[in-house]
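Contents: one structure, followed by commentary.
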Amino acid sequence: MPILNRPSGETDWIEPDEVPRPIVAFGAEMADVDGFELGSHAHSKGQIMLVQRGALSCEVEGGLWIVPPRSALWIPGGALHSVKATGPLEGYNAFIDRNVGVPLPAVCCAVSVTPLLRELLARAAHLPYLYEEGGVNSRLVSVLLDELAMAKVEDLHLPMPVDARLRRIVDAMMASPEERGTLESWSRRAGMSERTLLRLIVKETGMSFGRWRQQLSVILAVKWLSGGASIQQVANDLGYESVPSFVTMFRKTLGTSPRRYMTERYSGRL
């Protein structure tokens, strides 16, 4: 992955956990990342991934997150996670020491990125990995940490069950999201009763079956729209009978229409 703003004389990649600084940041871009994937791994430092263009999906222990443009994903230090990218990708990545002294989130979450936070991450990506401490660079890092601590959490999270029978249903839904099967048909495919399915999905995800499936649709819609798909195409691929019914579901979940949601994010790109 090409590194943007790489200081002269430094290598393309350095292990962030080995850098004795509160923040290690860089910018990166990839022109074509279809199929790009990083397998399960973890860092000692926390990680913030800001997407400027394209979309990331990240599975962390117990959940799946989608990161569209103008949003970022926070991953606490030590959390196992895997990453997939959709469409041409551009953004910023920063690794943050867990002892920085500000109340950063204890769990993985997607956060909305303010223009100030975006600019601070861009500025941090220009710093040498071993930047001089105690001066202007340290003050910049302090403001960045304060802004991150105040970032608004976004509802782009899909709880993932661990029960093997439920995971078979999840895998089938993600492979063929246009299949709008009934509760009866899904419970039959999983080899359990409807009552057992309803009880297990609530126990393992905290959501009803219908709410979980709706959240899956929103997560996939954001991912595909960020990759350049049209609203019509996304509605079809999710198995909706009409675009208005898809738009209604999207607005009910995220509070705005798909078109406005994506326009706001791309218009805010640097």
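The values are calculated or read from the model by the stated rules, or taken from the named source; none is laboratory data. Keep in mind that this is a model prediction, so the values were computed, not measured. Positions of Cβ are backbone-derived with ideal geometry, glycine not excepted, and every protein chain shown enters the neighbour counts.
Listing for the model above:
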quantity	calculated
Residue check for MET207: touching a residue at least 40 places away in the same chain (Cβ under 8 Å), under 26 Å from VAL162 (Cβ atoms) and loosely packed, with under 14 Cβ neighbours inside 10 Å	no
Conditions (1) within 16 Å of the chain's Cα centre (by Cα); (2) modelled with pLDDT of 85 or more; (3) surrounded by 15 or more Cβ atoms within 10 Å (Cβ to Cβ): number failed by ILE23	(1)
Residue tally, condition among the hydrophobic types (A, V, I, L, M, F, W, C) and more than 11 Å from the chain's Cα centre (by Cα), over segment 74-95	5
Failed condition for GLU194, given (1) in contact (Cβ under 8 Å) with a residue 12 or more places away in the chain; (2) not assigned by TED's automatic domain parsing to the domain that holds PRO115	(1)
Among the residues listed as GLU194, GLU204, GLU178, the single one being of a type in the set (Asp, Glu) and at pLDDT below 90	GLU178
Extreme residue, farthest from GLU184 (Cα to Cα), among residues of segment 219-233 that are part of a helix (DSSP H, G or I) and in contact (Cβ under 8 Å) with a residue 40 or more places away in the chain	SER226
Residue in segment 175-188 that is free of Cβ contacts under 8 Å to residues at least 60 places away in the same chain and within 24 Å of the chain's Cα centre (by Cα) present	yes
When residues of segment 192-235 are limited to those that are under 15 Å from VAL170 (Cβ atoms) and among the basic types (Lys, Arg), the one farthest from the chain's Cα centre (by Cα)	LYS203
The listed residue being touching a residue at least 40 places away in the same chain (Cβ under 8 Å), surrounded by 13 or more Cβ atoms within 10 Å (Cβ to Cβ) and either over 18 Å from SER57 (Cβ atoms) or not assigned by TED's automatic domain parsing to the domain that holds HIS81 (or both), out of LEU216, LEU166	LEU216
Selected residue (criterion: nearest to HIS81 (Cα to Cα)) from residues of segment 26-49 that are touching a helix residue (DSSP H, G or I) at 6+ places or on another chain (Cβ under 9 Å) and either modelled with pLDDT under 90 or in a loop (DSSP other than H, G, I, E, B) (or both)	HIS43
Residue count, segment 107-117 (criterion: surrounded by 18 or more Cβ atoms within 10 Å (Cβ to Cβ) and under 18 Å from VAL136 (Cα atoms))	1
